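S.K.: Dropping the structure in here first, questions after.
The values are calculated or read from the model by the stated rules, or taken from the named source; none is laboratory data. As the structure is a computational prediction, the values presented were derived from the model and not from experiment. Cβ sites come from the backbone with ideal geometry, for glycine too, and all protein chains shown count toward neighbours. When the accessible area is computed, the model is the full protein with side chains, heavy atoms only, and any ligands, DNA or RNA have been set aside. Shrake-Rupley method; radii C 1.70, N 1.55, O 1.52, S 1.80 Å.
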Amino acid sequence: MARVTGWIRRLLDKPGSVDLAPFQRIVAEAGGLEPGLRDQAEIGLGDTARAAGNRPGADWVGGAEFCAVVRETARRTLGQRPFDVQLVGMLAMLNGHVVQMATGEGKTLVGALTAAGYALRGRRVHVVSVNDYLARRDAEWMAPLYGALGLTVGWIAEGSTPEERRAAYACDVTYAAVSELGFDVLRDRVRTDPADLVVPAPQVAVVDEGDSVLVDEARVPLVLAGAADPGVALPEMAALARRLSKGYHYTIDEEGRNVFLTPKGTDTVEKALGVDLYADPGVVTQVNLALHAHALLTRDVDYIVRDGRVQLINTTRGRVAMLQRWPDGLQAAVEAKEKLTPSESGEILDSLTIQSLIRRYPEICGMTGTALAVADQLREFYDLRVAVVPPNKTCIRVDEPDRIFATAEDKESALLKEIADQHVTGRPILVGTLDIAESERLAEALRAKGLDPVVLNAKNDAKEAEVISRAGARGAITVSTQMAGRGTDIRLGGDEAAEREREVAELGGLYVIGTGRHESSRLDDQLRGRAGRQGDPGGSVFFVSGQDALLTAYAPEERLPPAEADGVVRDKYAAHLVAHAQRVAEGVNLEIHRNTWRYTRLLEQQRAQLMERRDEILHGDMAARALLTACPERYRELTEAVGEDRVRRAARQIVLFHLDRCWTEHLSFLSDLREGIHLRALGRLNPLDEFNREAVPAYRAMLDEIERRSVETFEKADLTRDLDDQGLRRPSATWTYLVQDNPFGSEWDRVLSRVAGAMKRRKR
Ligand code: ADP
Ligand code: MG
């Protein structure tokens, strides 16, 4: 029944913008209250707001008086009087929507007003930022506003200590990057003393750059790993791989994603290691990993070595992927290949996708420049709706049609010429590239022409923000990869006086040039949105070639119409083809997201259920009661020997240990199961059904196993000695990271992306 209703609702209630009229009426009413508030000298806004907000049953937050009060408070404390559209955005967010507001419209302020509103309703609010730098900047920037409303605000960054984190979470509003929130949740997962917990129960999430966090990064797993016995001689494996040669000892598949030992190679490896390879799956895995690292991953393409560490290059974002690593064995193998001291290797104790992390919050809202294009997904994955808020001043940016070329070479020379021609006028130019390599190549070519571009990639967030904020200065040429500096505003004239701003505006404002269309139209729009903020003049254009990856990967069978003498393709079909390729790419990504979610949903349910039990055990004496029921005699015996209190504590420690241990094993079982399940699709079974068919009983078996092991330990434990030494030793160290998409892809994702690609092509 629930499914049917959902289906009908989706059909009748097509995703579109939420109706803003009710919010606009409230804001209009608030306008009338403004003069009255202005006249009140030093009014205790904080007291008024709090007293009124806490009025029982009062629907004060979200009403006209509330709007007027927060507007006046922002004006007095920040020197920014929220525009009507900002109040409308705030109201939409207080109603649990994701608002779409263009770049430069002041979403930081809207987010803060919203967070304050939820906090005044008595909720604990987490503002999810894009990175540590912005979390701190925004919390500090908005602090006077919160203070005047009688609210406390804190922020968390990678370097924050547990005490600092606890203090920040104790505030009414806490700013943090999504990864830090997730890592704190994961670390709390293995604590055995309630006093050590850091994160309070989730209540409200206000997500900045909502589409990026909720959709683009939704599948990214956050991982908690623990030190395990290294066991394997990695340097020897790496040395061995180095001695093998391609073609003779091993071969690589066409897509460069897999490597196989030849019989000759197998022979050599077996002789070198003195083992029978196929009798020892553990060794086979290690050899494979060493070979992968040796033959498929290339230094300075897939990763760089810096400060004695391997740092991944995120090819989609074109920057060093901080805090990211490959799945464990592969990371260690690459480190061994580069002869580095191995970073700690370990086993995954628990993991959580960003989507699951956010879904823990009973109330979610967000803001971004581009939400409407993912309205379907926000609805499907989070039950969120999009409210499109118009800009404060009409956008007058000129978006030119794509310039399409047959070859990459023609595209590049036209691009260079365009940059040089525009630069002569003094107009600031922001060039958006698709990856690091391209940004560097382009900058090199510009320098060869005597120009002086600033290149932005792989720097720290604060520097990025600084460079980006200067990109609007007269004569500036900034070459940037997509995500760099996101969240930072580009003011015309740079940080200079109004006079400079006018001067640059007269030149036409910021000119944004994309060196290629992205795999998603949202990314294109975000780049364009850098220009034309707050009614500024500005322009944007994308350069595209028939050899761009977007076209070769997603419309491989199509041909661009022929180019004219100047290399430009002007036939209308070309633009159609580019749009088509982009739609296919978007469809493939959505299908992969959906598929991941189908598999993680069951896992999430199991996780939530188990964690609820864990909480009960952690905070109560459920473990002791369970063991008393299971082995009453032993329980009495121990109580007499060491006292009830000691037995209770031991019982909790024992059960928590086995619960955490079994969950770790269950996760690894499920991940193997999922990796292998696609093979069954060939046998015409639905892989998801198959997965669920095995995962459900495995969970039940795990619960029994926790009980069995707990009883076993309890029966033989010596409570006068430390339990750690009696088989309950936890990992000596734990650490957290984000998993970079497996560079070789999950087999299933690959199968799927081909199928989805073929489907879309047929539909056209
Ligand atoms: P967004 O996140 O929407 O791209 P920001 O929050 O970074 O935009 O704000 C962009 C700029 O606009 C900031 O410099 C901010 O101070 C300014 N701003 C925002 N709201 C107002 C306002 N109501 N009055 C004056 N300036 C504002
Ligand atoms: Mg912003």
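S.K.: Would you kindly find the accessible area of residue 712, with a 1.4 Å probe and non-protein molecules such as ligands, DNA and RNA excluded, rounding to the nearest 10 Å²?
M.R.: Around 90 Å² of this residue is reachable by solvent.
S.K.: Please give the per residue accessible area of segment 63-121, computed with a probe of 1.4 Å over protein heavy atoms only, in Å². Present the calculation step by step, with values, prior to reporting the outcome.
M.R.: Values: 1290 Å² over 59 residues.
For segment 63-121, the solvent-accessible area averages 22 Å² per residue.
S.K.: Rounded to the nearest percent, how much of the accessible area of segment 583-658 (1.4 Å probe, protein heavy atoms only) is carbon and sulfur?
M.R.: Working: 1750 of 3760 Å².
Of all accessible area on segment 583-658, carbon and sulfur atoms account for 47 percent.
S.K.: Please compute the per residue accessible area over segment 341-391 with all protein chains in place, 1.4 Å probe, rounded to a whole number of Å². Spell out each step's value before the answer.
M.R.: Numbers: 1790 Å² over 51 residues.
It amounts to 35 Å² per residue over segment 341-391.
S.K.: Heavy atoms only, probe 1.4 angstrom, no DNA, RNA or ligands counted: give me 533, 491, 652, 123 ranked by accessible area, highest first. List each step's numbers first, then the result.
M.R.: Details: 533 25, 491 115, 652 65, 123 90 Å².
Sorted descending by solvent-accessible area, the residues read 491, 123, 652, 533.
S.K.: Please report how far the C-alpha centroid of segment 706-720 lies from that of segment 473-551, rounded to the nearest whole angstrom.
M.R.: Here the two parts' Cα centres lie 64 Å apart.
S.K.: Among 178-190, 418-430, 135-147, how do they line up by average Cβ neighbours within 10 Å per residue, starting with the highest?
M.R.: Going by the mean number of other Cβ atoms within 10 Å, highest first, we get 178-190, 135-147, 418-430.
S.K.: Estimate the FRET efficiency between residue 75 and residue 553 by the formula 1/(1 + (r/R0)^6), using the beta-carbon distance for r and 45 Å for R0, to the nearest 0.05. The partial results should precede the final answer.
M.R.: Values: r = 50 Å, r/R0 = 1.12.
E(calc), rounded to 0.05, equals 0.35.
S.K.: Compute, for residue 407, the solvent-accessible surface of its heavy atoms (probe 1.4 Å) with the complete set of protein chains present, and express it in square angstrom to the nearest 10.
M.R.: Its accessible surface works out to 50 Å², give or take rounding.
S.K.: Ordering 614, 309 from largest to smallest accessible area (1.4 angstrom probe), what's the sequence? Mind showing how you got there, number by number?
M.R.: Details: 614 5, 309 130 Å².
Largest accessible area first, the residues go 309, 614.
S.K.: How do 395, 171 stack up against each other in accessible area, from largest to smallest, with a 1.4 angstrom probe? Present the calculation step by step, with values, prior to reporting the outcome.
M.R.: Values: 395 60, 171 25 Å².
Sorted by accessible area, descending: 395, 171.
S.K.: On the full set of protein chains, 1.4 Å probe, figure out the accessible area of residue 702 and give it in Å² to the nearest 10.
M.R.: Probe radius 1.4 Å; accessible area of residue 702 about 10 Å².
S.K.: Considering only protein heavy atoms and a 1.4 Å probe, what is the carbon-and-sulfur percentage of the accessible area of segment 173-223?
M.R.: 48 percent
S.K.: Follow-up. Kindly report the accessible area of segment 561-702 per residue (heavy atoms of protein chains, probe 1.4 Å, no ligands, DNA or RNA), in Å².
M.R.: Per residue, segment 561-702 has 51 Å² of solvent-accessible surface.
S.K.: Then there is this: Could you look at segment 398-505 and say what percent of its accessible area is carbon and sulfur, using a 1.4 Å probe and all protein chains? Could the numbers behind the result be given before it?
M.R.: Details: 2390 of 4920 Å².
C and S atoms contribute 49 percent here.
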